[in-house]
């Protein structure tokens, strides 16, 4: 999926899902919300999307990667640590390295 398809698919979800290229993430998050971040910087081709769910009052976040790995893109890791004091990630790989169902999870 690309940056045009993502908001169309998710427009009915509350709260609204913010979506960014890895080098264009917001400096801070002021409300509880899920954020979708593409692993690639703008304007490169979108390789895959990551999700980060923020709980602002408790200053924590959960990072979801369908490959089950921690954030490897420095801009994404800085974004997470800037906006919370505690965070975790999924450790289960749901998407195979040769999978053709990108965007399913």
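Since every read-out is calculated from the coordinates, none of them should be taken as a lab result. Source: prediction; values computed, not measured. Cβ coordinates were reconstructed from backbone atoms using ideal geometry, including for glycine residues, and neighbour counts include every protein chain displayed.
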Query raised in the report: By count of other Cβ within 10 Å, fewest leading, how are 42, 63 ordered?
Result: 42, 63
Query raised in the report: For the residues 81, 98, what sequence is obtained by ranking on other C-beta atoms within 10 Å, fewest first?
Result: 98, 81
Requested in this report: Starting from the Cα gyration tensor of the range 22-66, take the square roots of the eigenvalues, sort them a ≥ b ≥ c, and report rounded, prolate or oblate (rounded when a/c is under 1.5, otherwise prolate if a/b is larger than b/c, else oblate).
Outcome: oblate
Report summary line: By the C-alpha gyration tensor axes a ≥ b ≥ c (rounded if a/c is under 1.5, else prolate when a/b exceeds b/c, else oblate), the shape of the range 19-105 is oblate
Report summary line: Simple spin-label estimate for residue 58/residue 23, 7 Å along Cα→Cβ, in nm, reads 3.5 nm
